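Below: one structure, written as structure tokens.
Since every read-out is calculated from the coordinates, none of them should be taken as a lab result. Here the structure is a predicted model, which is why all the values come from computation and not from measurement. Because the Cβ atoms are built from the backbone with ideal geometry, glycine has one as well, and the counts that use them run over all protein chains shown.
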4 protein chains.
Amino acid sequence: MINIGIIGCGYWGPNLVRNFNACDTAGVIGVSDLREERLKFLSRLYPNIKILTKDSDEILHHNNIDAIVIATPVLTHFPLGMEALENGKHLLMEKPMTATAEQAEVLIETAEKKGLTLMVDHTFIYTGAVRKIKEVINSGDLGDLYYFDSVRVNLGLFQHDVNVIWDLAPHDVSIMDHLLQQRPKAISATGVAHFENKIENTAYISVMYDSPLIGHIHVNWLAPVKVRKTLICGSKKMIVYDDVEPSEKVKIYNKGVEYIKKREEAYDLLVQYRTGDMLAPRIEMTEALNLVAAEFVDSITQRRKPLTDGQAGYNVVRILEAANQSLRQGGKVIRL
Amino acid sequence: MINIGIIGCGYWGPNLVRNFNACDTAGVIGVSDLREERLKFLSRLYPNIKILTKDSDEILHHNNIDAIVIATPVLTHFPLGMEALENGKHLLMEKPMTATAEQAEVLIETAEKKGLTLMVDHTFIYTGAVRKIKEVINSGDLGDLYYFDSVRVNLGLFQHDVNVIWDLAPHDVSIMDHLLQQRPKAISATGVAHFENKIENTAYISVMYDSPLIGHIHVNWLAPVKVRKTLICGSKKMIVYDDVEPSEKVKIYNKGVEYIKKREEAYDLLVQYRTGDMLAPRIEMTEALNLVAAEFVDSITQRRKPLTDGQAGYNVVRILEAANQSLRQGGKVIRL
Amino acid sequence: MINIGIIGCGYWGPNLVRNFNACDTAGVIGVSDLREERLKFLSRLYPNIKILTKDSDEILHHNNIDAIVIATPVLTHFPLGMEALENGKHLLMEKPMTATAEQAEVLIETAEKKGLTLMVDHTFIYTGAVRKIKEVINSGDLGDLYYFDSVRVNLGLFQHDVNVIWDLAPHDVSIMDHLLQQRPKAISATGVAHFENKIENTAYISVMYDSPLIGHIHVNWLAPVKVRKTLICGSKKMIVYDDVEPSEKVKIYNKGVEYIKKREEAYDLLVQYRTGDMLAPRIEMTEALNLVAAEFVDSITQRRKPLTDGQAGYNVVRILEAANQSLRQGGKVIRL
Amino acid sequence: MINIGIIGCGYWGPNLVRNFNACDTAGVIGVSDLREERLKFLSRLYPNIKILTKDSDEILHHNNIDAIVIATPVLTHFPLGMEALENGKHLLMEKPMTATAEQAEVLIETAEKKGLTLMVDHTFIYTGAVRKIKEVINSGDLGDLYYFDSVRVNLGLFQHDVNVIWDLAPHDVSIMDHLLQQRPKAISATGVAHFENKIENTAYISVMYDSPLIGHIHVNWLAPVKVRKTLICGSKKMIVYDDVEPSEKVKIYNKGVEYIKKREEAYDLLVQYRTGDMLAPRIEMTEALNLVAAEFVDSITQRRKPLTDGQAGYNVVRILEAANQSLRQGGKVIRL
């Protein structure tokens, strides 16, 4: 039985409790939050949680707690995570893992030294849609990967502490990193803040991988319509992943282009288009956070790396950090 | 009566003839093309065209021809255009106007010196949709302009001589320049070529205007679905222009966000969302090229600048040129 | 303070409790259900409900209960409703009000005699979308009403006791009756049962009003896609109400047709089409059941007829009954 | 070489000429139309047509003409068709084949007696979409057929001589008859005329086949949006055919419902839902009329029945006739 303690109980907190309690071999026994009313709300929903406290130390140092979930604002992730590891607790961190790539590296090292599980809650990786896309890519059906293009825009949910890159792009960057499994070479990002608080609400991120693979992400809090659409193009097939669709979220197009060298003129190429069926595979509807909780518990029990481990968390933070750096320098290309 | 001569008769040629012939005070009397079969095809469609020739000089120097339309590949635009002006002919150039911004400047100067009309066929500016959007912006209904975001992707029509920026982006850049009426400060672009011919088929262009206005364009020949969607966001209203929609191409959302300073804490801001009606105004269905032809003829007759004059052509080429330069340097920011 | 008792606590039960408790001047003090586990579930959610019983009589006869909500299967609506009225309780009945039009009439009479409020929970009437459409029709903007066409199809939720007409059509019929405010003259319905249980899962209902107004409803449990779309056509404007759309549920088209008599030939008519703007008005997002609860409580307190009174309930049942009768007779037209 | 003569050259005429001329073994040598300007228009488009006449007799009696296409208003189909057959000409008739089912029977008999090909231009049967659906049904993939539901509505193209049933429903009825291959048992139809000319612009047709198969068609000239959507439901799979979609017109849903008898309680049934992949097969884009022309010519040459023969034409007319009869009698069920 893995006893879980959660630090930070905002919007996501009750979902974490519910899904860990649904695990056969785990349960939440303690939660801390600075806000009295959140603790009260939680105690009504889950009267069985033993420790409800405003002091995160009570959770971090509690002897019966085996594993800690950090669900606080990103700036506090690193110190809280370090303390958890140093107290010998396994660690699940909300995304983005840390505020800097360097902090992520330190956490990874510490967890390794201590032999503890370190996992990041990249929830989207556990959705039926992304798992299906990963399966298609792994099967080789897409062929060589050509580009990853993602748009996540909507009106609303302006954050007060982080810009739209740190708020929305972790979703797309974690999906991109998970699907492409490549190291980015360079990043450029542009964006603007339209209000006095100087927090960017509109941003475009280009991620250059080994040519000819490119990634691009458009995140925006100031759009009249809700769009969550990703194109993933391969040499053999192409995928449209539309998360706003209630069903048929993933569409696999048997479409492509081929350049064929004409014999005589070596530099004149013939284009051939290919269009075939479109398949929208059945997507499993299991709640993603349910699988996140199970993966965390299983990776602790089985002493193995989780699917979204510290390295995955680092990869995402490194891209976000570089994107932010580029954005602040007017789009300057940042080499990695 | 304005007698028109057309140089270059590809896909667009017959449309040009048809629409100029539809003008009361103009008509096409000569067409040149290097390809015999195009001339034959045209003569069957329009048996009344007097001069059909493989030699563009016959058109450029013909005494009865008052105005020339250049509809050849972009690399030939400048020399042909110069010769037309030097022969005292009014000039309508297909987009993009020239291969470099410098060439565009020379043409503008020459036309001014000679007192001749110089116009560029930025067809989209004359569509009912763009005219309606322009009207809304001019009325002040959008408020301050926040961003212009355009996506034009599809499978197909790979070009052999120019990349996707020179092929597709002129549409978006001309619309953006026309609607925003601002000078870009810097440009960065990324993109990739996936085939041996090294011609980029996927590109992203960021256009930085005076803060906080930004433009962004995604053009792509290698997408499984056809998208032609533009978001134009203002402080008061937002527009979605979807050119793939058969009707309701323009949707005006009475939506917005306001940041309100809370009295006591000067740096804590309160976000207020506003959502109201959405209006899809009736769009006039007149063929855009019909209005292009009329504007060219009228601006000659009335001795006035056309709506899409040499300057508009220059503005577009300058952005394309800088975008291409940035693309070739891995996304380096190009200051203008 | 109005004390509410609820009889029947299925899927809808907890929503009823929540929304009545949200009223300032009302609260649920008793609930009965035959199923022990539903009562337990409710007691966990709402520990303050005083009476939780398997015996509906406890609710029907309780001195402190002022008003009763009947949320049981339709066959039991009439006897339970009658007993409630006879015990001097105000009455809110789930839709469809009763299993026969005659039963509805008896309830209406009894409530009148006793001076009690009788209301039917036609929830859709209280949605922002239907209220907006009603407002548009009342304003005269649609002109004369031409037809009402509604499609409500999906895969699933096969009922075991009633067919698709009694299950899904109450929604459309109640909306139609509320919007058109006309007495139907005749009804014909066709449909089929595809499984051994002989319960029709596919049905088409035509409702003939005074010419030239017609209503038509297609309800179906066996469709691969979810459709909930209603067309309401008037002589001046037309409405599309698409309840599956997350936003822009109501679209008002300024479109129409006019027949104009040519002077000389009296029976030759000229058709003129008119197309204008499309407006998607902002729809209020208040939960409909919240307004249902408030309307019930207010109509009791203010001793006035509720918006969806017994007569509205009768109108719906009469159409459903006739449609079912026609269906069973192979589509025979039933005159009303 | 089959020499074709066409009687009636309205909107469809030039398409017929173009597609017959595209056949290797056929060509149009004569066309008649009462309107001088249509003949002139055609002579400009196709200067090689030898006979252009206002007198249909010239076509019907011309020795060099082997086969006649009747593309006149429906009321004239029968007399013109009869005269063609009696003059020994093969016959292609525009849809609907005739104004009455009886006329269709006479034509079928006459053609058989004379050994001539009689075909009806049910164009939709030859589209890639309908051919693909037919292939899926024939393969048994859909299982038993449950229902056919078609909606064809739009604003516009009011006809002056026939109502919306005779104008639009031939498309849906011909597709339904072709796909289901069943004899209808009874028909009921409702509809209204909203203008003084008393021509119905809104109609609903129910077609009862052997239980539990039903067909339903909604045709409407007075709708604010264009819909051309057909649902075809089988026991194993379901199809949505959306002709307004530019691509992915046909979607095959691997979805279904099964009723399973629980052992003990014989009349209590358990519903099981099944949802799987959705496949949008590639649709061939060959112009349907091209295949119509080829089928007519081939069936003459090969002395075989065409795919859409006189019987298919009769089947469609019989349903239209009964639907109209029902409509005029207020929805009375017509037994066939």
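Couple of notes before you dig in:
- Share of alpha-carbon pairs per 5 Å distance bin for the stretch A:216-318, given as whole %: 2, 9, 11, 11, 14, 16, 13, 9, 6, 4, 3, 1, 0
- Within 10 Å of the Cβ of each residue in C:243-249, the mean number of Cβ atoms contributed by other protein chains is 2.
- Protection proxy ranking of B:119-132, C:27-40 - average other beta-carbon atoms within 10 Å, highest first: B:119-132, C:27-40
- Per residue of peptide D:213-222, the mean number of Cβ atoms on other chains within 10 Å of the residue Cβ is 4.
- Hull-based mean projected area of the stretch A:143-256, where the convex hull spans the alpha carbons, in square nanometres: 7.7
- Rounded to the nearest 20 debye, dipole of the protein assembly as shown from Cβ charges on Lys, Arg, Asp, Glu: 0
- Under-5 Å amide H pairs with D:Val162, H placed in peptide plane, nonlocal only: none
- Ranked by the mean number of other Cβ atoms within 10 Å of their residues, highest first, the peptides D:316-327, C:206-217 come out as D:316-327, C:206-217.
- Pairs with C-alpha atoms separated by more than 29 Å, drawn from the list D:Lys134/D:Lys305; B:Lys236/C:Lys236; A:Lys237/D:Lys251; A:Lys249/B:Lys132, are B:Lys236/C:Lys236; A:Lys249/B:Lys132.
- Selected from D:Asn87, D:Val69, D:Leu42, residue furthest toward positive end of dipole (the stretch D:13-96; charges at beta carbon): D:Leu42
- For the stretch A:1-63 versus the stretch C:315-336, the gap between their alpha-carbon centres in whole angstrom: 57
- Relative protection proxy for B:59-67, A:64-72, C:134-142, from highest mean packing down: A:64-72, B:59-67, C:134-142 (other beta-carbon atoms within 10 angstrom).
- Taking every alpha-carbon pair within the stretch A:196-266, the share separated by more than 17 Å comes to 65 percent.
- Distance between the pseudo-spin-label points of A:Thr286 and B:Met1 (7 Å out from Cα toward the beta carbon): 7.9 nm.
- Using the Cβ of A:Asp210 as centre and a radius below 14 Å, the other residues enclosed give a net charge of +2, where K and R count +1 and D and E count -1.
- Compactness of the protein assembly as shown is given as radius of gyration and Dmax, 35.2, 106 Å, from Cα positions.
- Length released on extending from A:Leu270 to A:Lys50, taking residue separation times 0.36 nm less the Cα-Cα span: 72.2 nm
- Model label zone, B:Arg35; criterion: amide N under 14 Å from point 7 Å along Cα-to-beta-carbon; scope the stretch B:72-112: B:72-73
- As a size descriptor, the averaged projected area of the C-alpha convex hull of the stretch B:291-336 was calculated at 4.0 nm².
- Once the Cβ-Cβ distance of C:Lys198 and C:Lys226 is raised to the sixth power relative to R0 = 30 Å, the FRET efficiency obtained is 0.75.
- Label-point distances for C:Gly10 to the equivalent site in the other copies, using a point 7 angstrom along Cα→C-beta, read 4.1, 5.2, 6.6 nm when ranked shortest first.
- Entry note, the stretch D:1-77: relative contact order of 42 percent, from Cα contacts under 8 Å with a spacing of 6+ residues.
- Assigned charges on the beta-carbon of Lys, Arg, Asp, Glu; the stretch A:291-336 dipole about Cα centre (debye): 280
- Net charge dipole size for chain A [Lys, Arg +1 and Asp, Glu -1 on Cβ; Debye, nearest 20]: 560
- Amide H contacts of D:Ala99: D:Phe78, each under 5 Å away and 5 or more positions distant or on a separate chain (H built 1.01 Å from N in the peptide plane; Pro and chain starts excluded).
- The alpha-carbon atoms of the stretch D:116-172, seen along their principal axes, cover 42, 35, 18 angstrom, with the largest extent given first.
- For the residues of C:136-149, the average number of beta carbons from a partner chain within 10 Å of their own beta carbon is 2.
- The length gained by stretching the chain between A:Trp12 and A:Gln159 to full extension, at 0.36 nm per residue less their Cα-Cα distance, is 51.4 nm.
- Length-normalised contact order of chain C in % [C-alpha pairs under 8 Å, at least 6 apart]: 19
- Helix C:164-180 axis versus longest C-alpha principal axis of chain C: approximately 60°, rounded to the nearest ten.
- On Cα atoms only, tilt of D:128-138 relative to the major axis of chain D in degrees: 50
- Eigen-decomposition of the gyration tensor built on the alpha-carbon atoms of chain B gives equivalent ellipsoid semi-axes of 38, 22, 19 angstrom, largest listed first.
- Computed from backbone phi with θ = phi - 60° and the Karplus coefficients 6.51, -1.76 and 1.60, the 3J(HN,Hα) list for the stretch C:63-74 is 5, 7, 8, 9, 9, 10, 10, 9, 10, 9, x, 4 Hz; x is used for glycine and proline.
- Rounded tilt (10° steps) of C:310-328 against the dominant C-alpha axis of chain C: 70
- Working from label points 7 Å from Cα in the Cα-to-Cβ sense, the A:Glu245 to D:Gln325 distance is 4.6 nm.
- The stretch C:163-270 - percent relative contact order, Cα under 8 Å, separation 6 or more: 16
- Between this copy and the others, label points of D:Lys236 are 2.7, 5.5, 6.1 nm apart in ascending order, each placed 7 angstrom from Cα in the Cβ direction.
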